[in-house]
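Inspection log for the structure reproduced underneath, given as structure tokens.
Derivation of every value follows stated rules applied to the coordinates shown; laboratory data play no part. The shown structure was predicted, so the numbers you read here are calculated from the model rather than taken from an experiment. Note: ideal-geometry Cβ built from the backbone for every residue, glycine included; neighbour counts use all protein chains shown.
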Amino acid sequence: MNSIVNMDKIHFYKMQGAGNDFILIENTSGIFHGRETSFFRNLCLRHTGIGADGVMLLENSESAEFTLKYFNSDGLPAEMCGNGARCAVYLANYLSLAPQKCSFQIGPEIYKAEVIPGKSVRLQMQLPKILRTPNETKSFLSDDFKQGMSLNTGVPHLVIETRKPLDDLDVVSLGRHYRYHEKFKPSGTNVNFVYPEKPNHLLARVYERGVEAETLACGSGAVACAVFANQVYGWSSPIFVHFSGGILRIEFETGYKKIFLFGPVELVFEGDFERANFQ
């Protein structure tokens, strides 16, 4: 496997999971140290770079099949990305870095996942933590929204149920407002707007922190939306979260002893870039 031609020319893989797109680089030789903030940001630019919601480095691990380091499109590291992790698992299996059923490491956390025939990946997520209940979010949600809940599903998420169809929402301005709301200082939050289509099916749109825009899907956000639906509507597993980029399936046990994110992944293309072009 010749992933790296030389120190100046880097091989990369462009992948997408339910519309979230990523640049993945095998970094087992350590050519990146993870502090290349402006470099990663330049790679992710849509018009002058490769274009992506984030960059991922696949590295060696002593505790699992591989280590995953994730960077949002602003070039800064993030604690977790559900759809990105699913893409990384698929690629690790594709490159023979990991078996079909594998474990991988993000920071101190060990995750388990499985590549499913038909280009899908099932990922066991961290146990969700409810940070603010619907009663606790009433004080800062506008009257345009019915209710909300704040959770951490690897990264912080605010889930807001809308009173009107999602197509009528200005997701960017509203998402930015709540992303930077004083209740979530200093680190901010991702913001998910949901509308119940029918039992066990949620329509969703998401504003992602670090991308600072609406994205086509969000894996950790889908988990947050499903926990919200289970808590507020009483929906049981599985719950399907419909984003514009695709449908994500959330499966969970009672009490969220185990919770899984399931959805499609695709290797879109691969290629090489010259490092100097993005410095």
### Query
Tell me, which residue of segment 234-275 that is β-branched (Val, Ile, Thr) and touching a residue at least 24 places away in the same chain (Cβ under 8 Å) is surrounded by the fewest Cβ atoms within 10 Å (Cβ to Cβ)?
VAL268
### Task
Give me a count of the residues in segment 39-53 that are polar (S, T, N, Q) and either without any contact (Cβ under 8 Å) to a residue 60 or more places away in the chain or within 19 Å of GLU266 (Cα to Cα) (or both).
1
## Note on the structure
Within segment 213-227, restricting to residues that are within 15 Å of LEU127 (Cβ to Cβ) and in contact (Cβ under 8 Å) with a residue 60 or more places away in the chain, the one that is surrounded by the fewest Cβ atoms within 10 Å (Cβ to Cβ) is VAL227
